1. Restricted to Cα positions, what overall size does region 188-307 have along the principal axes? Three whole-Å values, descending.
2. Taking springs between alpha-carbon atoms closer than 10 angstrom, which of Ala147, Ala59, Ala242 fluctuates most in the Gaussian network model of the chain?
3. Got the relative contact order for the chain handy, in percent, Cα pairs under 8 Å and 6 or more residues apart?
4. Under 1.5 on a/c is rounded, so check that first for region 97-211, then, if it is not, pick prolate when a/b is larger than b/c and oblate when it is not; a ≥ b ≥ c are the square roots of the alpha carbon gyration tensor eigenvalues.
5. Quick one, can you get me the convex hull of the C-alpha atoms of the chain expressed as volume per residue in Å³?
6. Once neighbouring chains are kept in place and the probe is 1.4 Å, which whole percent of the accessible area of region 63-167 is contributed by carbon and sulfur?
7. At 20 °C and 1.002 mPa s, what whole-number value in µm²/s does Stokes-Einstein give for the translational diffusion of region 282-362, with Rh from the Kirkwood sum over Cα pairs?
8. With n ≥ 4 as the cut-off for DSSP H runs, can you work out [θ] at 222 nm for the chain, using -39500 (n - 2.57) per run divided by the number of residues, rounded to the nearest 500?
Amino acid sequence: MGAGEVTAALGAAPAPEAPGGRDPAESTARGRGRSGRSRQMLRYAGRRLAYSVPVVLVASFVFFWAVRSTFDPLTKLRQARDPGVLARETTRLGLDRPVVEQYLLWMKAFVTGDWGVSTRTGDRAEGMIGSALGTTLQLVVWAVLFAVIVALLIGTYSAARQYSAGDHLLTGLSYLGVAMPAFWLGLMLIQVFAVWPREQFGLSQPPLYFVGLHSPGASGINADYFRHLVLPVMTLTIGLIASWSRFSRASMLEALHSDYVRTARAKGVPPRRIFFRHALRNSLAPFVTVVAADTALLIGGLVVTEQIFAISGMGRLFLDSLLAGDVYVLLPWMLIVALAMVLFNLAADLGYALLDPRVTLR
């Protein structure tokens, strides 16, 4: 019997299976789908960045015009009453040119890394903003990390046990957290966790520090660093948890009452799998959007917290520069914050698309 007769007698050989028993065609299709989705997201990110450029330019020009109209970078020279020096600096800085030309010159210098010298301290603006941004990011990263974890736990629990005693208790606490202003909360935390224990127990040092992120002469990530970090991070975290947990609860409840969850229940899918694999994952998409948007606002919006705890971050740098009329710090500060908002909003959109494949990126 020939080879052809053997094949005919035994029948056609079955097609090879992919690992896990999947059909090779199905696996290939899924791989192509993921690859196509990745390319689509990259194109979307490129378009969004391109669209954001005019927005950032317009916003930066408006802020540039407002700062130039409000503050005079040559105030100290005018007080010296030296016409020759004043004329030379006016020409060197381009202050005798139209505001549009001044803006273009400043933007060119910013792109090339020449951000100017602070009129308040005499330091380079890029160094001051870089140091302040690094400090603020430390607060933001720790606060957002803890707030996301706790808010998801609270929101998920409240949604799973809607209208229970625990849900009502957490709802009341979240409303209380939203209502407390940051300046009052920070001062109360200092009193409760630093001043009161030291007075009551006669301690030489408070359990938690409330000035800066390090003691004089200390540096690095160590016990001293965390003793300084706890109170400002707690001040930020309480407010974030209060608002994010309410949003997480609402998003989770919407997912639990959706059609696909009811269909899964009708098919007999175990409740735990429905809750964690279907409802929780889909509720994360809008939650990620809110977290990213709020995080972008925190980059330049920690004025109160950084002022209370004497932390030299972006918020305190803005306040000090604004009060001093420090033009050469205010202008790049604004542009850095605007770029941070653009990038975080883009990350939010991409995260939404990753969590929910139904989202169409255009």
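The values are calculated or read from the model by the stated rules, or taken from the named source; none is laboratory data. Please read these numbers as outputs of a predicted model, since none were measured by experiment. Cβ atoms come from the backbone with ideal geometry, glycine included; neighbour counts cover every protein chain shown. Calculation scope for accessible area: heavy atoms of the full protein, side chains included, ligands and nucleic acids excluded. Shrake-Rupley method; radii C 1.70, N 1.55, O 1.52, S 1.80 Å.
1. 65, 33, 27
2. Ala59
3. Numbers: 363 pairs, mean separation 86.0, N = 362.
Relative contact order, the chain: 24 percent.
4. Details: a/c = 3.31, a/b = 1.68, b/c = 1.97.
Cα axes put region 97-211 in the oblate bin.
5. Values: hull volume 93.3 nm³, N = 362.
Convex hull volume per residue, Cα atoms: 258 Å³.
6. 63 percent
7. Working: Rh = 14.2 Å.
Translational D for this selection: 151 µm²/s.
8. Numbers: 15 runs with 258 residues, N = 362.
After summing the helix terms and dividing by residue count, I get -24000 deg cm²/dmol.
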